[in-house]
Amino acid sequence: MIAVIQTVEEASVSVEGRTVGSIDRGMLVYFGVEKDDDESLLGPFIGKMMKLRIFKDENEKMNLTLAQSGGQILFISQFTLAGDIYKGNRPGFETAAGAQKARELYLKAAEMLEGMGYQVATGCFGAHMKVRYCNDGPETFILDSKRLMHKN
């Protein structure tokens, strides 16, 4: 699993001109699933993501988690994160999980976040989406399950 995590002042996602998810201040997460990922990785992965102290405190230091900052999550599936751009000039997606597996893990991850008490907005899995956001900082982080589980 791979997540691109951005701290945002606001974010929204639309499909065919209709807003399907939006948040105020919080975390925009693009979430991709690779072939070798499985459900056993979700707990540690989501746990790490939600423990990140990437939000600023009263002294402008990154010292707060999302929960401490009172923020929300916009959680977007994005299979292109599993793309290989190192061979040739066109991305290859041989390492990306199939749609059924990716959808299952994406939905379970969103459900897990909601179960932890976060306000979660989502996009539409598999749809062509337009995402609008104001990155705060800008601050962007990459979380990779392979590195998290020390498999690199």
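Residue by residue, here is whether (1) loosely packed, with under 13 Cβ neighbours inside 10 Å; (2) farther than 15 Å from Asp136 by Cβ; (3) within 13 Å of the chain's Cα centre (by Cα) holds:
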site: Glu10; (1), (2), (3): no, no, no
site: Gly21; (1), (2), (3): no, yes, no
site: Arg25; (1), (2), (3): no, no, no
site: Val29; (1), (2), (3): no, no, yes
site: Glu39; (1), (2), (3): yes, yes, no
site: Lys51; (1), (2), (3): yes, yes, no
site: Phe55; (1), (2), (3): no, no, no
site: Gly70; (1), (2), (3): yes, no, no
site: Phe79; (1), (2), (3): no, yes, yes
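On inspection, Val13 does not qualify as touching a strand residue (DSSP E or B) at 6+ places or on another chain (Cβ under 6 Å), free of Cβ contacts under 8 Å to residues at least 60 places away in the same chain and not in a loop (DSSP other than H, G, I, E, B). Scanning the range 27-37 for residues that are without any contact (Cβ under 8 Å) to a residue 60 or more places away in the chain and of a type outside the set (Val, Ile, Thr) yields Met27, Tyr30, Asp36. Within the range 6-33, the set of residues being over 25 Å from Lys56 (Cα atoms) and in contact with a Phe, Trp or Tyr (Cβ under 8 Å, 6 or more places away or on another chain) comprises Gly32, Val33.
Matching residues to (1) under 19 Å from Met49 (Cα atoms); (2) touching a Leu at 6+ places or on another chain (Cβ under 9 Å); (3) modelled with pLDDT of 95 or more; (4) of a type in the set (Gly, Ala, Ser):
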residue: Ala67; (1), (2), (3), (4): yes, no, yes, yes
residue: Ile76; (1), (2), (3), (4): yes, yes, yes, no
residue: Gly92; (1), (2), (3), (4): no, no, no, yes
residue: Lys101; (1), (2), (3), (4): no, no, yes, no
residue: Gly115; (1), (2), (3), (4): yes, no, yes, yes
residue: Tyr118; (1), (2), (3), (4): yes, yes, yes, no
residue: Ala127; (1), (2), (3), (4): no, no, no, yes
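The values are calculated or read from the model by the stated rules, or taken from the named source; none is laboratory data. None of these values were measured; they are calculated from a predicted model. Please note: Cβ atoms are built from the backbone with ideal geometry, for glycine as well, and neighbour counts cover all protein chains shown.
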